[in-house]
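Okay, structure first, notes after.
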């Protein structure tokens, strides 16, 4: 699975990287607002997503590629409240076309969630000796990223949910997202058995196209990382606490003596 990740790139860089036509901020925020670098993205946090939107008034116009602010944790349109978001942070690629929570979004609302890398925790079946965790299984966090750096274009879905409690002068529509996962391959599979699905640059146009709705061609665009593409290294247990943030979280641990 993917339960925590890092995204610290300037939105201007993402606009260039993904060929974005329009950077759309959340209208409920200040006009000049942009998300701060986040090295410890947790469920329900706001993140950037690359989407393509059709102009309903001019259906003949090609879809516009946008960079938008969404919340991580999908809230299906039929949900009674937003609390279900914590249950839908990942969607298994194997069942995307079947699950009611994801089926419609998979057909017409696909996105890319740019990440610098993501975290997984490895348990070595030993117990921790710390004062607060003594006797519990020891879990070492690892940061997993493209070997040599570069953006990880995680495959995702997005959805709209209307908040019935929204004030009259507030936009009631909440944009939410989910990360698509698959079985982990290569050495990464030793740390955790699931990993985010990636979409290669040559497939971005088709993956984002809201007019492409056939299930089989869409599934073929989803690929696990090629063997050797990713690297994983241990990082500080500081990342365990979502209140901690900063570039130190993605720094490799110093080698043991």
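The values are calculated or read from the model by the stated rules, or taken from the named source; none is laboratory data. Remember, predicted model here, so these are calculated numbers, not experimental data. Here the Cβ is made from the backbone with ideal geometry for all residues, glycine too, and neighbour counts use every protein chain on show.
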Item to check | Residue ID - farthest from the chain's Cα centre (by Cα), chosen from residues in the stretch 59-81 that are buried (at least 19 other Cβ atoms within 10 Å of the Cβ) and not in a strand (DSSP E or B) | outcome: 76
Checklist outcome for this item: In the set 216, 231, the lone residue that is exposed (fewer than 13 other Cβ atoms within 10 Å of the Cβ), modelled with pLDDT under 95 and either under 18 Å from the mean Cα position of the chain (by Cα) or not in a loop (DSSP other than H, G, I, E, B) (or both) is 216
Checklist entry - So which of 247, 210, 227, 196 ends up being in contact with a helix residue (DSSP H, G or I) (Cβ under 6 Å, 6 or more places away or on another chain) and farther than 27 Å from residue 56 by Cα? => result 227
Item to check | Lone qualifier among 184, 167, 155 - being modelled with pLDDT of 80 or more and loosely packed, with under 13 Cβ neighbours inside 10 Å | outcome: 167
Item to check | Yes/no for residue 205 being out of contact with any strand residue (DSSP E or B) (no Cβ under 6 Å at 6 or more places or on another chain), more than 22 Å from residue 42 (Cα to Cα) and modelled with pLDDT of 95 or more | outcome: yes
Checklist entry - Only one residue in 104, 139 is assigned to a strand (DSSP E or B), over 29 Å from residue 12 (Cβ atoms) and either in contact (Cβ under 8 Å) with a residue 24 or more places away in the chain or touching a helix residue (DSSP H, G or I) at 6+ places or on another chain (Cβ under 9 Å) (or both), so which one is that? => result 139
Next on the checklist: Being in contact (Cβ under 8 Å) with a residue 40 or more places away in the chain, within 17 Å of the chain's Cα centre (by Cα) and either surrounded by 14 or more Cβ atoms within 10 Å (Cβ to Cβ) or over 25 Å from residue 43 (Cβ atoms) (or both) is true for just one of 210, 196. Which residue is that?
Outcome noted: 196
